[in-house]
Amino acid sequence: MCLLDLLRQPAWAILSLLLAMVVRLQRRPRWDPQACRVKLNGKTAIVTGANSGIGMYIAMDFARRGARVILACRNESLGMAALKEITKTTGNTDIHLRLVDLSCMDSVSNFATRILEEEKALHILVNNAGVSGLPRQITKDGFEVSFATNHLGPFLLTNLLLDLMKRSAPARIVTLSSVNHKKGQVDFSHFRGENLVYGMDKVYNHTKLHNIICTNELARRLQGTGVTANSVHPGIVKTGVLRHYPFWIRYCFNLLAFFFFKTAEEGACSTIYCAVAEELEGVTGKYFDSDCSLVLPAPLARDAALAVKDFEICERLTSKL
Ligand SMILES: NC(=O)c1ccc[n+]([C@@H]2O[C@H](COP(=O)([O-])OP(=O)(O)OC[C@H]3O[C@@H](n4cnc5c(N)ncnc54)[C@H](OP(=O)(O)O)[C@@H]3O)[C@@H](O)[C@H]2O)c1
């Protein structure tokens with residue numbers, strides 16, 4: 001008897017439906033963005049990778065709250081499609097597309113220069129864009145491509161926008177990491193693509209660990225400025241994040257996704273919480289789980305001395321460019 005035959009039996013069908021409902025109920029976060037009445041009128045937000053997946057729903061939420069939203073995307077037609085959809089859904093016409101390729105430090109600098117010229121204020125920066133499973137490649141800046149996209153590009157972008165954010169305080173920086181950071185390691189030669197073992201999410205995990213380490217050090221440096229910096233795990237979310245993985249992995253992921261994984265809209269929740277929730281005013285240097293609870297990241301991500309070193313190395317690597 002195949003699975004479909006089994007599901008045709010009423011008892012099995014009802015049981016599967018009940019299981020799906022239980023799983024869906026269990027993955028509800030403890031904070032509901034739609035119940036949160038915080039308005040963002042007069043505020044400006046940047047969301048990187050806002051054309052798809054979690055990023056688009058984060059941008060959609062900010063737009064619904066009345067913010068001026070800048071979609072930082074690398075692909076013009078995908079970015080324009082997202083802009084149109086967000087405008088149509090929310091009625092907010094103050095949505096703008098600015099192009100940036102986070103794996104290229106010149107592109108990041110040009111993007112930041114334009115933002116500094118055009119924007120009077122910046123209240124929210126969401127470092128959402130990310131890639132997983134990319135094959136080995138060294139960028140023209142000499143960086144391993146996943147490290148450049150997931151960590152060094154967002155690191156440089158954040159630093160270039162910091163003065164504007166300090167002038168706009170209170171302001172919040174939220175960086176999307178992943179629970180996978182727990183499997184990551186710190187080896188500074190990785191930035192240049194040395195001593196890396198590839199396969200599945202191995203390289204991705206390291207980049208997500210650096211995200212939390214440097215966000216924590218940034219938070220320490222920003223004490224007293226009114227700008228906060230936190231990292232989040234969005235959950236296991238059905239998006240295009242596995243697009244560079246083999247077909248059979250994507251197939252299994254999509255099969256399991258309906259029952260067990262979050263939708264992109266649900267995956268946006270913990271980031272929106274960190275970006276807008278009133279109860280998080282002044283909270284900084286923390287890591288939040290996908291249900292919006294404050295949790296401890298891996299021990300390496302809590303090593304303050306390592307964080308100072310990591311931050312300085314990333315500063316040196318990106319400031320030469
Ligand atoms: N999905 C999950 O289960 C999961 C779990 C833990 C953490 N996360 C994190 O959540 C974040 C969002 O991921 P997602 O699941 O929404 O994946 P996604 O649907 O693949 O979205 C990723 C976004 O990043 C953009 N991007 C990739 N490389 C870029 C570059 N070089 N420059 C500028 N933008 C770039 C993509 O643009 P294009 O459309 O042009 O490629 C896309 O808009 C990532 O940081 C990811 O690590 C996701």
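The values are calculated or read from the model by the stated rules, or taken from the named source; none is laboratory data. Being a predicted model, the structure only gives us computed values, none of them experimental. Neighbour counts run over all protein chains shown; Cβ positions are idealised from the backbone, glycine included.
Set side by side, the residues E194, E265, E217 differ, and just one is more than 12 Å from the ligand (Cβ to nearest atom) and either in contact with a Leu (Cβ under 6 Å, 6 or more places away or on another chain) or not in a loop (DSSP other than H, G, I, E, B) (or both), which is E217. Any residue at all in the range 243-263 that is at pLDDT 95 or above, under 24 Å from L40 (Cβ atoms) and surrounded by 12 or more Cβ atoms within 10 Å (Cβ to Cβ)? No - not one qualifying residue is present in the range 243-263. Within the range 88-114, residues that are touching a residue at least 24 places away in the same chain (Cβ under 8 Å) and within 16 Å of the ligand (Cβ to nearest atom) have Cβ atoms under 8 Å from residues that are of a type in the set (S, T, Y) and part of a helix (DSSP H, G or I) in these pairs: I95/T87; L99/S107; V100/S107; D101/S107; L102/T149; S103/T149; M105/T318, counting only partners at least 6 apart in sequence or on another chain. Note on the range 40-61: residues that are of a type outside the set (A, V, I, L, M) and in contact with a strand residue (DSSP E or B) (Cβ under 6 Å, 6 or more places away or on another chain) total 4. Return yes when A121 is in a loop (DSSP other than H, G, I, E, B), hydrophobic (A, V, I, L, M, F, W, C) and modelled with pLDDT of 95 or more and no when it is not. It is true that A121 is in a loop (DSSP other than H, G, I, E, B), hydrophobic (A, V, I, L, M, F, W, C) and modelled with pLDDT of 95 or more. Of the candidates S270, S290, the single residue that is modelled with pLDDT of 95 or more, within 12 Å of the ligand (Cβ to nearest atom), outside any helix (DSSP H, G or I) and within 14 Å of the chain's Cα centre (by Cα) is S290. Against the criterion of being buried (at least 22 other Cβ atoms within 10 Å of the Cβ), of a type in the set (G, A, S), within 22 Å of T271 (Cα to Cα) and within 13 Å of the ligand (Cβ to nearest atom), A45 does not qualify.
If we scan the range 206-224, do we find a residue that is of a type in the set (K, R), modelled with pLDDT under 95 and under 25 Å from A50 (Cα atoms)? Reasoning before the result, please.
Quick first cut of the range 206-224, residues of a type in the set (K, R) only: 208, 220-221.
Remaining after also requiring modelled with pLDDT under 95: none.
No, there is no match, as no residue in the range 206-224 is of a type in the set (K, R), modelled with pLDDT under 95 and under 25 Å from A50 (Cα atoms).
Got at least one residue in the range 140-149 being among the acidic types (D, E) and either surrounded by 14 or more Cβ atoms within 10 Å (Cβ to Cβ) or within 15 Å of the ligand (Cβ to nearest atom) (or both)? Checking the range 140-149: at least one residue is among the acidic types (D, E) and either surrounded by 14 or more Cβ atoms within 10 Å (Cβ to Cβ) or within 15 Å of the ligand (Cβ to nearest atom) (or both).
Cβ-Cβ contacts under 7 Å between residues 6 or more apart (or on different chains), taken from a first residue in the range 253-269 that is closer than 15 Å to L176 by Cα to a second residue that is of a type in the set (A, V, I, L, M, F, W, C) and more than 11 Å from the ligand (Cβ to nearest atom), are listed as C269/W31; C269/C292.
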